[in-house]
Structure formats: C-alpha cells, structure tokens
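Colleague: Structure below; questions to follow.
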Amino acid sequence: MNFHVLPNIKEAYKVAGKLSNTSKMPCPSWGIPNKYCITGQKLALQFGTVCNKCYGNRGPISWPAAVKRQEERFNKWQTAGYMQWVLAMQTLIVHEVDSHFRWFDMGDLQSEAMLKQIVLIAEAMPWIKFWLPTQETQMVLAVKEELDFPDNLTVRLST
C-alpha cells in the first residue's frame, strides 16, 4: 500500500479544494459543476434521462456559493500535478471522512486519468468505502481493462 498525505490540511485545500457535505448524503463528497459532464451534457438534451432532470440545476447545490466551490475544485484538479492531487485528496479524506466517501455529488469523470487517480486513492485507503456513480461507461471499461478496481471502490454505471 502506498499511503502518503500532504504536510497539512491547508495545503490539501489549496491543491484539491474543500469537500462537500450535502444534507442528503451521510458522508462527505467531492464534485464539480455539471456543465463539465461529458456524457451528461448530451443526455441532458434527451427527455426522460436522469441528466435531463439533473438535480444540479435546482436547490442548494445550484446556488452561486456551491457552484463557486465546485468550479474551484474543477480548476484545482486541472492545474494540480497528477500525484499532488492524489496526495491532497488522501489528506482531505484522512482528516474529514469516517468510513464512506462519494465521488461526484455533482459532475462526473473527466478522463481515464482522473479515474486512475481515484483508483490510486481507494487502493491507498482500504478502510474507506468509496462510491462513484458515473455516466462515463467507456472510460470505466477502458480503465478496467488496465487495472483491477479495489474492493472498497464501488463504481455504479448509470443508465
């Protein structure tokens, strides 16, 4: 197991942003604006899909302060180094998560590289149960061909 953390939580916030604590979930989460959903933006145009009625377009998660935090997380993920972001997220999770963590209370996977980062984090923290709901089936299948997902990472492919 390759578990490391950044020197302190403040440095982790600078690299990865703050975690979300949504009232409808029993655990912290990490998310980005739904405008960056790759498949979700296409599905949002199709009547009857879950993305067509995205909860991110209404309620507290769509309020300006929440969207600002989501945007900050997205920008930090984009600009951080690959392993720097992994270490920052491990630090945040160690400090703020008891047993369960949800990826993407808003938004979705951006690349196969992002999914590999998530796998690294889950592998390093087997005592945390990670949940990753996603519309990005092709990304997940491609990464699964390369890597085994750890048992503590549940990936739910949405339909």
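The values are calculated or read from the model by the stated rules, or taken from the named source; none is laboratory data. Note that this is a predicted model, so its numbers are computed, not measured. Ligands, DNA and RNA are stripped out before the accessible areas are found, and what is left, the full protein with its side chains, is counted by its heavy atoms. Shrake-Rupley method; radii C 1.70, N 1.55, O 1.52, S 1.80 Å.
Colleague: Can you tell me which residue among Phe101, Phe149, Phe130 is aromatic (Phe, Trp, Tyr) and open to solvent by 10 Å² or more (accessible area, probe 1.4 Å)?
Modeller: Working: Phe101 fails: open to solvent by 10 Å² or more (accessible area, probe 1.4 Å); Phe130 fails: open to solvent by 10 Å² or more (accessible area, probe 1.4 Å).
Phe149 is the lone residue from the list that is aromatic (Phe, Trp, Tyr) and open to solvent by 10 Å² or more (accessible area, probe 1.4 Å).
Colleague: A further question on this structure: Can you find a residue that is closer than 24 Å to Gln138 by Cα and at pLDDT below 95 anywhere in the stretch 9-29?
Modeller: Here is the first cut: in the stretch 9-29, the ones closer than 24 Å to Gln138 by Cα are 29.
Narrowing the set further to residues that are at pLDDT below 95 leaves 29.
Yes - at least one qualifying residue is present in the stretch 9-29.
Colleague: Within the stretch 60-71, can one find any residue that is at pLDDT 80 or above and either open to solvent by less than 40 Å² (accessible area, probe 1.4 Å) or part of a loop (DSSP other than H, G, I, E, B) (or both)?
Modeller: To start, the set of residues in the stretch 60-71 that are at pLDDT 80 or above comprises 67-71.
Retained after the next criterion (residues that are either open to solvent by less than 40 Å² (accessible area, probe 1.4 Å) or part of a loop (DSSP other than H, G, I, E, B) (or both)): 70.
So far as the stretch 60-71 goes, yes, one or more of its residues are at pLDDT 80 or above and either open to solvent by less than 40 Å² (accessible area, probe 1.4 Å) or part of a loop (DSSP other than H, G, I, E, B) (or both).
Colleague: Those residues that are open to solvent by less than 10 Å² (accessible area, probe 1.4 Å) and of a type in the set (Gly, Ala, Ser), I need them from the stretch 110-127; list them, please.
Modeller: Matches in the stretch 110-127: Ala122, Ala124.
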